[in-house]
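Chemist: Attaching a single structure in structure tokens format; questions to follow.
The values are calculated or read from the model by the stated rules, or taken from the named source; none is laboratory data. Computed from a predicted model, the values in this text were never measured in an experiment. Positions of Cβ are generated from backbone atoms using ideal geometry, with glycine treated the same way; all protein chains shown enter the neighbour counts. Heads up: the accessible areas ignore ligands, DNA and RNA and are worked out on the full protein's heavy atoms, side chains in. Shrake-Rupley method; radii C 1.70, N 1.55, O 1.52, S 1.80 Å.
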Amino acid sequence: MGFVEILLLALSLSADSFVVSMGGSVSLGKVRPLKVLQVAMVFGVVQSACLFAGWISGYSIVAYISRVANYVALAVLGYLGVSMLVAGIRNSSESVDLGGMKSLCMAAVATSVDAIAVGVSLAMGDTGFADAFLATVLTFAITVIACVFGITAGAATGRIFGNAARIAGGLVLIFIGLKPFFS
């Protein structure tokens, strides 16, 4: 694998984390830089760890992962999205957002399940340790950067548009969970 291919892989893996961090942060309000970094780091660590774990696991788990990945992502993102949607409709200040560690970890795992399958496919394609490690490091870095931008934009949108942003964010999370079933 060349550097450009690895970079494109890392960018594609970070896309869902960017969108989910943006949609999930609409109810955070004004966020401190430390909170932005915490959320981005959780997404980055989970995404890159799943990629590397998939590469280590290799072919032995590919059938299992490919069968359940879409359902796990749908369940978790659906739960988060419906919770945000209901909170927005009810005009509630309580909302599932990325401020709580439980919701944050659920969102990070939901957006990272496909990284396990990608890691497995890298192993099946005889990708060596150096390339797998580079892919892991780039995936971490790009995911963190993408999430910082996503959280900042989502929080600003939430402050400006309030409950309408929560409703839109919830719908986005649900859509991302459903997307693989329509592809």
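Chemist: For segment 159-175, how many residues are under 14 Å from the mean Cα position of the chain (by Cα) and surrounded by fewer than 23 Cβ atoms within 10 Å (Cβ to Cβ)?
Modeler: Adding up the residues that qualify gives 3.
Chemist: In segment 136-183, what residues are under 17 Å from L104 (Cβ atoms) and among the hydroxyl-bearing types (S, T, Y)?
Modeler: Those that are under 17 Å from L104 (Cβ atoms) and among the hydroxyl-bearing types (S, T, Y): T143, T152.
Chemist: How about segment 108-128: which of its residues are within 17 Å of the chain's Cα centre (by Cα) and not small (G, A, S)?
Modeler: Of everything in segment 108-128, those that are within 17 Å of the chain's Cα centre (by Cα) and not small (G, A, S) turn out to be V109, T111, V113, D114, I116, V118.
Chemist: Scan segment 26-53 and report the pairs whose first residue is over 13 Å from L104 (Cβ atoms) and open to solvent by 30 Å² or more (accessible area, probe 1.4 Å) and whose second residue is among the polar types (S, T, N, Q) and at pLDDT below 90, with Cβ atoms within less than 8 Å and a gap of 6+ or a chain change.
Modeler: A49/S112
Chemist: Hey, another quick one. What number of residues within segment 62-80 satisfy the criterion of being modelled with pLDDT under 75 and open to solvent by less than 50 Å² (accessible area, probe 1.4 Å)?
Modeler: 8
Chemist: While we're on this one: Within segment 111-119, does at least one residue satisfy the condition of being on the phi > 0 side of the Ramachandran plot, open to solvent by 20 Å² or more (accessible area, probe 1.4 Å) and either not in a helix (DSSP H, G or I) or not β-branched (V, I, T) (or both)?
Modeler: No, segment 111-119 contains no residue that is on the phi > 0 side of the Ramachandran plot, open to solvent by 20 Å² or more (accessible area, probe 1.4 Å) and either not in a helix (DSSP H, G or I) or not β-branched (V, I, T) (or both).
Table: residues versus (1) part of a helix (DSSP H, G or I); (2) in contact with a Gly (Cβ under 9 Å, 6 or more places away or on another chain); (3) in contact (Cβ under 8 Å) with a residue 24 or more places away in the chain.
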residue: G150; (1), (2), (3): yes, yes, yes
residue: A153; (1), (2), (3): yes, no, yes
residue: I160; (1), (2), (3): yes, no, no
residue: A165; (1), (2), (3): yes, yes, yes
residue: L178; (1), (2), (3): yes, yes, yes
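Chemist: Also: Among the numbered criteria (1) open to solvent by 20 Å² or more (accessible area, probe 1.4 Å); (2) under 14 Å from the mean Cα position of the chain (by Cα), which one does D131 miss?
Modeler: (2)
Chemist: Something else: Give me the pairs, please: first residue somewhere in segment 1-22 and among the acidic types (D, E), second residue anywhere and open to solvent by less than 70 Å² (accessible area, probe 1.4 Å), beta-carbon distance under 7 Å, and either six or more positions apart or on two chains.
Modeler: Between residues of segment 1-22 that are among the acidic types (D, E) and residues that are open to solvent by less than 70 Å² (accessible area, probe 1.4 Å), the close pairs are D16/T111; D16/I176.
Chemist: Oh, and also: Quickly run through segment 6-17 and pick out the residues that are surrounded by fewer than 24 Cβ atoms within 10 Å (Cβ to Cβ) and either under 27 Å from A168 (Cβ atoms) or among the acidic types (D, E) (or both).
Modeler: Selection gives L11, S12, A15.
Chemist: Based on what the data block shows, is A156 within 18 Å of K35 (Cβ to Cβ) and surrounded by fewer than 24 Cβ atoms within 10 Å (Cβ to Cβ)? If you could, list the steps in order and put the result at the bottom.
Modeler: On the way: within 18 Å of K35 (Cβ to Cβ): yes; surrounded by fewer than 24 Cβ atoms within 10 Å (Cβ to Cβ): yes.
Taking the combined requirement at face value, the residue satisfies it.
Chemist: Provide a single number: the residues in segment 1-39 that are in a helix (DSSP H, G or I), under 18 Å from L77 (Cβ atoms) and of a type outside the set (D, E).
Modeler: Initially, segment 1-39 is screened for residues in a helix (DSSP H, G or I), giving 3-24, 33-39.
Checking which are under 18 Å from L77 (Cβ atoms) leaves us with 12-24, 39.
Still in the running and of a type outside the set (D, E): 12-15, 17-24, 39.
So the count comes out to 13.
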